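Each value in this text was obtained by applying a stated rule to the coordinates, not by laboratory testing. In this text, all values refer to a predicted model and were calculated from it rather than measured experimentally. Here the Cβ is made from the backbone with ideal geometry for all residues, glycine too, and neighbour counts use every protein chain on show.
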Amino acid sequence: MKAIIIAAGKGSRLRHYTEDLPKCMLEFEGKSLLQRQIESLKANGIKNISVVKGYAADKIMYSNLNYYMNDDYENNNILNSLFYAEREMDGPLIVSYSDILYEKEVVSRLMDSEHDISIVVDVAWRDYYKDRKEHPVEEAENVILDANNRVVNIGKVLTGKHDVHGEFIGMVKFSQRGIEVFKRHFNRAKQIFWDKPFQKAQVFQKAYLTDMIQDMVDMGVPIHTTIIERGWREIDTVEDYEKALTVFSI
C-alpha cells in the first residue's frame, strides 16, 4: 500500500495563516497537519508516501517522502493536481486531500475495503456544520448512496437535503485494477473535455476529484464507500483552524 497526498492549493480562505504557507503546514500542538497525516498513514504500515506540492512548495521539506511539483496549481484543481504524481499511481493506493485531520482508525477502516474503488463517507457529517459560518453546509462534498452503499451522486450541490446520506471526507482507496480503471476514465475525459465544462466544473482543468467520481458513476463504474462516524476534521477556513486548535489544547 502506498499513499498520495494532494497539497498544491493555496488555501486562500485561511487568509493570514497561509500568506506564505501551504495549509497542510499549519501546526497543531507542535506538529503540522501534514505530519499528523503521515503519522496516521505510517501507523497503518504505509511508508511509501508521495506529496504533490504547488503553492509555497519550498515550505514542505520533510525527508523520506516522494515529491511532485504542480507548477500550474493556480490554473488547475485537485483532480489534475493528482496526476502530477501519475508515476506513483499503481495499486493498492490511498489518495488523500491535504487539508483534513484524521485518526489512524479512519485509514485502517479504508484499508479493510476489498472493493476496487472505495471512498470514505462520514454519515455523522451534519454535526460538523453546527455553528460553522465560514464554510456553509451547501459546500459540503455530499454523497447519496444506494441500498448497497455504492455512490449514486457526489458533489457540492445536491438536491434535497433529506436525500444526502453522508459527506466525502477526501480520501479514496484504489486496488491495482481500480487505479487502472480510474486512470483510463481520466484520460478519456481529459481528451473530450479539456477547456470544456465537465460535470460541475466550468472547465476540465478546474475539476474536483468528486467530478471524476461522478462521471465514472454515470458511466456505470461501481464506487463503493467506507462508512465512518466522525474521526476526522476539515481545515478549510480560519474558523475551522481556530476551532481545531481549541480541541487540541484541551
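Tabulated results
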item: Qualifying GluC sites (Glu not before Pro) for region 70-125 [loop in DSSP, other Cβ within 10 Å: at most 11]; result: E74, E114
item: Region 1-116: Rg to Rh, with Rh as the Kirkwood radius over Cα pairs; result: 0.95
item: Karplus-derived HN-Hα couplings along region 79-92 (A = 6.51, B = -1.76, C = 1.60, θ = phi - 60°), whole Hz, x at Gly and Pro; result: 4, 5, 4, 4, 6, 5, 9, 4, 5, 8, 8, 10, x, x
item: Dimensionless Rg/Rh of the chain - Kirkwood Rh, Rg from C-alpha atoms; result: 0.93
item: Other-chain or far-sequence residues with amide H under 5 Å of G170's (modelled H); result: V120
item: Computed Rg/Rh of region 36-177, alpha carbon atoms with Kirkwood Rh; result: 0.97
item: Difference of contour (0.36 nm per residue) and Cα-Cα distance, V247 to V203; result: 12.0 nm
item: Amide H within-cut-off set for L145, under 5 Å, with H built and near neighbours excluded; result: V152, H165
item: Simple label model, 7 Å out from Cα along Cβ direction - E86 to R13, nm; result: 3.0
item: For region 29-41, 3J(HN,Hα) per residue [Karplus equation, 6.51 cos²θ - 1.76 cosθ + 1.60, θ = phi - 60°, Hz, x = Gly/Pro]; result: 6, x, 10, 6, 4, 5, 4, 5, 5, 4, 4, 5, 5
item: For region 185-191, 3J(HN,Hα) per residue [Karplus equation, 6.51 cos²θ - 1.76 cosθ + 1.60, θ = phi - 60°, Hz, x = Gly/Pro]; result: 5, 4, 5, 5, 5, 4, 5
item: Antiparallel content of DSSP bridges confined to the chain, in %, to 5; result: 50
item: Amide H contacts under 5 Å for T225, placed H, 5+ residues apart; result: I119
item: Low-density loop positions, GluC sites (Glu not before Pro), region 176-247 - DSSP coil, at most 16 other Cβ in 10 Å; result: E229
item: For peptides 25-32, 6-13, 53-60, 126-133, sequence by mean Cβ density within 10 Å, most packed first; result: 6-13, 53-60, 25-32, 126-133
item: Pairs of lysines in region 138-243 (C-alpha under 25 Å apart; 8 or more residues apart or interchain); result: 18
item: Lys, Arg +1 and Asp, Glu -1 on Cβ, resulting dipole of region 105-173 about Cα centre, debye, nearest 20; result: 160
item: Overall dimensions of region 184-250 by Cα: Rg and Dmax, Å; result: 17.2, 51
